[in-house]
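In what follows, a single structure is set out as structure tokens and then discussed.
The values are calculated or read from the model by the stated rules, or taken from the named source; none is laboratory data. The model shown is predicted, which means the values in this text are computed figures rather than measured ones. Neighbour counts are summed over all protein chains in view; Cβ atoms, including those assigned to glycine, are modelled from backbone coordinates with ideal geometry. Surface areas here come from the heavy atoms of the whole protein model, side chains and all, with no ligands, DNA or RNA. Shrake-Rupley method; radii C 1.70, N 1.55, O 1.52, S 1.80 Å.
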Amino acid sequence: MLETLRTLAERFRAELFEHFRWPMAQILQDSPLLVSERDPEEQFRTWLKLWPPHCTVWIGEVYSSGKPEHRTHFLPIAEWFRIGQVFGNFTCGSSFRAGSFQRRNECLNGHRFLVVESDSLSRDEVGAVFAYLHRRLRYRLHCIVDTAGKSLHGWFDAPRSKTLEDGLKAELTVFGCDPKVFTYSQPVRVPGAWREGRLQRLIWLEG
């Protein structure tokens, strides 16, 4: 079945970028809430609101994991709100068990997003993938993050079953999306942090 999906996705790929075209400038205009010009702390606090307050979320650098002293990077959303500033460039699209200090799939605690990105597609091209997921497949799009690099990250509801998840990942890989990000403990960029003088920021947020 997965091979069939890959074949169909390959045939559909050119049509995808034509019929679901959604360049970055249009994404900015289409955002239900104007978020792209918010200051770093407000960017971070806005993103925190995507999560239930009880969720334990990891924020840090890629190496901020694996030792007991790294527990300070695994905090409930309410505690991150209290701190108010982001400490690190990365997060995950999943919550962790309370008391975790390892960024591993075995430590996850249920609540998760599917984060979609591509290293090979341009920021204008990957918007078509986001639009296809949101408009055609009806996956809820929560936000889009400008990583302050070459890519955009789209945050979607995770598929509701392993079968749906495997099929979607097969399609997205054919479209040019990075399969590494499909690992739910994979680091992704967090809004409100600076990357070489540029702000990682929300550019689209659901209303």
Practice task
Give me the percent of the accessible area of segment 83-207 that comes from carbon and sulfur atoms, probe 1.4 Å, all protein chains in place.
Solution key: 45
Completion exercise
Expected max-MSF residue from GLU61, GLU125, GLU37 in the GNM of the chain (alpha carbon, under 10 Å) is GLU37
Completion exercise
By accessible area (1.4 Å), largest first, PHE20, PHE81 order as PHE81, PHE20
Exercise for the section: Rounding to the nearest 20 debye, state how big the charge dipole of the chain is about its Cα centre with +1 on each Lys and Arg Cβ and -1 on each Asp and Glu Cβ. Expected result: 460
Completion exercise
Sorting LYS169, LYS67 on solvent-accessible surface, 1.4 Å probe, most exposed first, gives LYS67, LYS169
Fill in the blank from the handout: Taking Lys and Arg as +1 and Asp and Glu as -1, residues besides ARG112 with C-beta under 12 Å from its C-beta add up to -1
Completion exercise
Computed for segment 123-207: size of charge dipole around the Cα centre, +1 on C-beta of each Lys and Arg, -1 on C-beta of each Asp and Glu, debye to nearest 20, value 100
Exercise for the section: Note down the nm distance, to one decimal, between modelled labels 7 Å out along Cα→Cβ at ARG11 and at ARG112. Expected result: 3.1
Exercise for the section: Taking only protein heavy atoms into account and a 1.4 Å probe, give the accessible area per residue of segment 68-207 in Å². Expected result: 43
Exercise for the section: Give a residue-ordered list of calculated ³J(HN,Hα) values for segment 191-201 (Karplus: 6.51 cos²θ - 1.76 cosθ + 1.60, θ = phi - 60°; whole Hz; x for Gly, Pro). Expected result: x, x, 9, 9, 10, 6, x, 10, 7, 6, 9
Problem - Nearby lysines by direct alpha-carbon distance to LYS169 (threshold 26 angstrom, same-chain neighbours under 8 apart not counted) - result: LYS150, LYS180
Handout entry: Theoretical gain in end-to-end length, GLU165 to GLU61 [0.36 nm per residue, Cα-Cα removed]
Key = 34.7 nm
Completion exercise
Nearest-0.05 FRET efficiency for ASP30 and TRP194 at R0 = 22 Å, using Cβ-Cβ distance, is 0.25
Exercise for the section: Among [x] 49, 37, 29; [y] 89, 35, 22; [z] 77, 39, 36, find the value of Cα extents along the principal axes in Å that was calculated from the structure presented, and write down its label. Expected result: [x]
Fill in the blank from the handout: Subtracting the Cα-Cα distance of ARG140 and GLU69 from 0.36 nm times their residue separation yields 22.0 nm
Fill in the blank from the handout: Per the charge dipole of the chain (beta-carbon charges, Lys/Arg positive, Asp/Glu negative, Cα centre), the residue among SER36, LEU50, HIS111 reaching farthest to the positive end is HIS111
